[in-house]
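Student: If you scroll down you'll find the structure; I have some questions about it.
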Amino acid sequence: MNFSFVPAEAVRTDSAMLVIPLLESDLGDTAPAALAAADKGLEGKLCAAATQEGFKGKADQTLMMHTLGKLPAERVLLLGLGARAKFTPEVLRLAAGRAAKTAQKLKLTELTFIVPDTAPADVVVRAIAEGLLLGVYKFDRYKTGGKEEKKAPGLGTVRLVLPEGSSKSAELQEAVELGRRVAEATNWARDLVNEPANVVDPNRLAQAAQEVAKDSGLKATIGGRREIEGLRMGMFLGVAQGSAHEPRLIHLAYVPKNPKDARRAPLALVGKAITFDSGGLSLKPADSMVEMKTDMAGSAAVLAAMRVIGELKPPFPVHAFIGACENMPSGTAYRPGDILTSRLGKTVEITNTDAEGRLVLGDILAWAVEHKPAAIVDLATLTGACVIALGNYIVGAFGDHDATVEQVLTAAKTAGEEFWRMPVTELQKDSLRSEVADMKNAGERWGGAINAALFLKEFVGDTPWVHLDIAGPSISPKERGYFNKGATGVGVRTLVELVRLRATSPESAQAEAPAAPVKPAKGKARGKPARA
C-alpha cells in the first residue's frame with residue numbers, strides 16, 4: 001500500500017472513494033471544509049442523506065453515497081468518530097479499518113482520505129496508515145474458490161489530504177512509515193496464529209524466528225531436545241514429551257552496534273508458544289480444542305515485535321526467549337500426579353496437564369533472568385479465568401514492580417490496545433501449595449488468572465517483570481473496525497511502543513546493575529543451543 005500526501009484542494013481530483021472522518025460536532029453549522037465542499041457539489045444531498053439515514057457521526061457509524069458524476073470522486077464515505085471528548089487515535093484506527101473493508105468489498109484499488117484535525121498530525125496519519133493496513137488483512141489462503149478474485153489487485157494507493165495550513169514533512173512521512181512497519185508486522189503475526197497446527201508446529205515456529213532474524217539483522221539461536229535437556233528445563237520437557245513433534249528453544253537478540261549501548265541491561269520479551277494445546281491427559285472438550293492452534297499467539301507477537309525492533313535500533317539490547325512445543329495426550333505424555341523439576345530446581349506437582357503454559361514459561365523465564373535483563377515482559381494466552389474477568393478485548397497486566405507495569409500500561413495506551421492492571425496478591429499463594437512438592441501447577445478455580453501469575457512469579461526473582469495474559473484479545477470473535485474474526489496480533493503494537501518509550505526514557509536505558517538473578521539448580525549443562 002503506497003501512501004502520499006496531497007494538499008487540501010486534492011479533494012477536487014478524481015478518486016474511486018473520498019473518505020471523510022467526522023466527529024459528532026462536525027455535523028453542525030461549522031462543518032469541516034471537506035464535508036462542506038462535498039455537500040455543495042452534491043447540491044445538499046450528502047448532509048440530507050446523513051440526516052435521513054440517522055448518521056450522526058457516532059463511533060462505528062458509516063455512510064456511503066455515490067456521487068453520480070457530480071464530484072470527481074465516484075463515492076463519498078463518511079466515517080463516524082464519536083464525541084471529541086472521547087476521541088483517541090484508536091477510534092480513528094478502527095474507522096480507517098472500516099474504510100479499508102469497504103474498499104475491499106468494492107474491489108477498489110485507490111482512495112483519498114481526509115486527515116482530520118483531531119490530534120497531532122503525526123499521530124493521526126500513523127493511526128490512519130495502521131488502520132487501513134490492518135483493515136485489508138484477510139486469511140484465505142486455504143480457500144480454493146474465487147482464485148480470480150484473489151489475484152485481483154487490492155487497495156494499493158492512498159492519498160492523505162492534510163488539513164489546511166499543514167504541509168508534507170519528514171516527520172509525517174516517518175510516522176506513516178512506522179505505522180506501515182508495525183501494521184505489516186501485526187499482520188504477519190496474525191498469519192502465524194491463524195495457520196493450522198499441522199503447518200505451524202514447533203519447528204516451523206523456529207524457522208519463522210530464523211526468518212525474522214535474517215530480515216531484521218538479529219542474532220538467532222535455535223535449540224532442540226538435547227539443548228533443553230542440557231539446560232535442565234524439566235517442566236518444558238515434561239509438557240513436550242507427549243508430542244511426536246520435537247520441542248524448540250528459540251532465542252533472538254538485537255544488540256546495538258555501539259559498544260556502550262551493547263553493554264546496557266537488555267529488555268527481555270518472552271512469548272508462550274504451545275503450537276497446539278489439547279490439554280494433554282487432562283483433555284479439553286472438543287469445542288474448546290478447536291481454537292487451540294492459537295495458543296502460541298504470545299510468541300507470534302514477540303517475534304513480530306522483534307521484526308520492527310531490529311529496524312528501530314534502540315540504544316539498548318532486546319532479547320526474545322521462546323519455548324515451543326505441543327501439549328498432547330499419548331503413552332509418553334506427562335500425567336496428573338507427576339512431579340517435574342524446573343531449571344531453578346523447584347519441584348512441581350502436576351494436578352492438571354492443561355495448565356501447561358505456565359510450566360514452559362517458568363523454565364523460559366528463569367533462563368531469561370540469567371541474561372540479567374533490566375525488565376522482562378511475557379505474553380501468554382494463559383488462562384480462561386482472565387477471559388471471564390476481562391472479556392474478549394482487554395489484556396490482563398500482572399506485576400508488582402509499579403514503574404515497569406506503569407510503563408507497559410502507558411505503551412499500551414499509546415498503541416491503542418486495552419490493558420487492565422490485575423492484582424498479584426500473596427493471599428492466593430496457598431492455592432499452589434503442594435503436600436509432596438514445592439508447589440502445584442494449578443490451584444483452585446477461583447482467582448485462576450492470579451494463581452497463574454503467582455506461579456510465574458516464582459521464576460523471576462527480583463527482576464522487574466510484567467505478565468500479560470492475552471487469552472481473550474488474542475482472537476476476535478467477530479469483525480470489528482480493522483479486526484477480522486480470528487487472530488488479532490495483540491501485543492505487537494504495545495511491545496514496539498514499550499521499546500520506543502524506553503529508548504527515550506533515560507532511567508530505562510541506563511547500564512545499571514540489574515537485580516541479582518535467581519540461581520538455577522546445581523549441575524553442569526550438557527548442551528548449548530546451536531547457532532542458527
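The values are calculated or read from the model by the stated rules, or taken from the named source; none is laboratory data. Being a predicted model, the structure only gives us computed values, none of them experimental. Ideal geometry is used to build each Cβ from the backbone, glycine not excepted, and the neighbour counts take in all protein chains shown. Keep in mind that these areas ignore ligands, DNA and RNA; they rest on the heavy atoms of the full protein, side chains included. Shrake-Rupley method; radii C 1.70, N 1.55, O 1.52, S 1.80 Å.
Student: How far apart, in nm, are two points set 7 Å out from the Cα along the Cα-to-Cβ line at LEU106 and at ARG84?
Tutor: So the two model labels end up 2.9 nm from each other.
Student: Gap in Å between the Cα centre of the stretch 34-99 and the Cα centre of the stretch 177-213?
Tutor: 35
Student: Could you tell me how many degrees, from 0 to 90 and to the nearest 10, lie between the Cα long axis of helix 448-457 and the main elongation axis, the longest principal axis, of the Cα atoms of the chain?
Tutor: Approximately 60 degrees, to the nearest 10.
Student: Report the antiparallel proportion of the DSSP beta bridges in the stretch 208-353 as a percent, rounded to a multiple of 5.
Tutor: Given both bridge residues lie in the stretch 208-353, the antiparallel proportion sits at roughly 60 percent.
Student: With a 1.4 Å probe and all protein chains kept in place, how much accessible area does PHE139 have, in Å² rounded to the nearest 10?
Tutor: Only protein atoms counted, so the area is about 60 Å².
Student: Let me ask you something else. Just the number, please: Stokes-Einstein D of the stretch 195-284 in µm²/s, Kirkwood Rh from C-alpha pairs, 10 °C, 1.306 mPa s.
Tutor: 106
Student: Also, I was wondering about something else. Between THR144 and ALA33, how high is the FRET efficiency from 1/(1 + (r/R0)^6) when r is the Cβ-Cβ distance and R₀ = 60 Å? Nearest 0.05.
Tutor: Once the sixth-power term is evaluated, E becomes 0.80.
Student: Exceeding 18 Å between C-alpha atoms, which entries from my cross-link table qualify? They are LYS138/LYS485; LYS40/LYS86; LYS272/LYS429; LYS105/LYS485; LYS107/LYS168.
Tutor: LYS40/LYS86; LYS272/LYS429; LYS107/LYS168
Student: Taking the Cβ-Cβ separation of ILE388 and LYS313 as r and a Förster radius of 30 Å, what is the calculated FRET efficiency to the nearest 0.05?
Tutor: After rounding, the FRET efficiency stands at 0.15.
Student: Further question on the same structure: How big is the charge dipole of the chain about its Cα centre, in debye rounded to the nearest 20, if each Lys and Arg gets +1 on its Cβ and each Asp and Glu gets -1 on its Cβ?
Tutor: It works out to roughly 1180 debye.
Student: With the radius of gyration and the Kirkwood radius both derived from the Cα set of the stretch 268-379, what is their ratio Rg to Rh?
Tutor: 1.03
Student: Sort CYS386, CYS47 from largest to smallest accessible area, using a 1.4 Å probe on the heavy atoms of the protein chains.
Tutor: CYS47, CYS386
Student: Among the aspartates and glutamates, select those whose C-alpha is under 13 Å from the C-alpha of LYS70, and discard any that sit fewer than 8 residues away in the same chain.
Tutor: ASP14, ASP39, GLU43
Student: Let me ask something else. If you count the DSSP beta bridges with both ends in the chain, what percent of them are antiparallel, to the nearest 5?
Tutor: Restricted to the chain, the bridges split so that about 40 percent are antiparallel.
Student: Tell me the label-point distance for the pair THR157, LEU427, using the 7 Å Cα-to-Cβ offset, in nm and rounded to one decimal.
Tutor: Each label point is offset 7 Å from its Cα along the Cβ direction, giving 6.2 nm.
Student: Where does helix 89-105 land angle-wise versus the long Cα axis of the chain, in degrees 0 to 90, nearest 10?
Tutor: Helix 89-105 and the main axis of the chain meet at about 70 degrees.
Student: For the residue pair LEU283 and THR51, what label-to-label distance in nm results when each label sits 7 Å from Cα along the Cα-to-beta-carbon direction?
Tutor: Each label point is offset 7 Å from its Cα along the Cβ direction, giving 6.5 nm.
Student: Estimate the FRET efficiency between ASP117 and LEU68 by the formula 1/(1 + (r/R0)^6), using the beta-carbon distance for r and 45 Å for R0, to the nearest 0.05.
Tutor: 0.95
Student: If one takes the longest principal axis of the Cα atoms in the chain, at what angle in degrees, from 0 to 90 and to the nearest 10, does the Cα axis of helix 121-135 lie?
Tutor: Compared with the principal axis, the helix lies near 70 degrees.
Student: Would you please classify the overall shape of the chain from the alpha carbon gyration tensor, given that a ≥ b ≥ c denote the square roots of the eigenvalues, rounded means a/c under 1.5, and beyond that prolate means a/b larger than b/c while oblate covers the rest?
Tutor: prolate
Student: When only the heavy atoms of the protein chains count and the probe is 1.4 Å, how do LEU409, LEU379 rank by accessible area, highest first?
Tutor: LEU409, LEU379
Student: From the protein chains alone at 1.4 Å, what is the descending order of accessible area for TRP188, TRP465, largest first?
Tutor: Listed by decreasing accessible area, they come as TRP188, TRP465.
Student: Ignoring ligands and nucleic acids, what accessible area does LYS138 show with a 1.4 Å probe (Å², nearest 10)?
Tutor: 100
Student: Within the stretch 185-214, which residues have the backbone N less than 19 Å from the label spot 7 Å out from ALA262 along Cα→beta-carbon, could you tell me?
Tutor: What the label zone holds, given the 19 Å backbone N cut-off, is 213-214.
Student: Also, I was wondering about something else. Rounded to the nearest 10 Å², what accessible area does MET422 show when all protein chains are kept and the probe is 1.4 Å?
Tutor: 30
Student: Let me ask you something else. Can you tell me which of 357-363, 398-404 comes out highest on packing, and rank the rest after it, using the mean Cβ neighbours within 10 Å?
Tutor: Highest mean packing first, the order is 357-363, 398-404.
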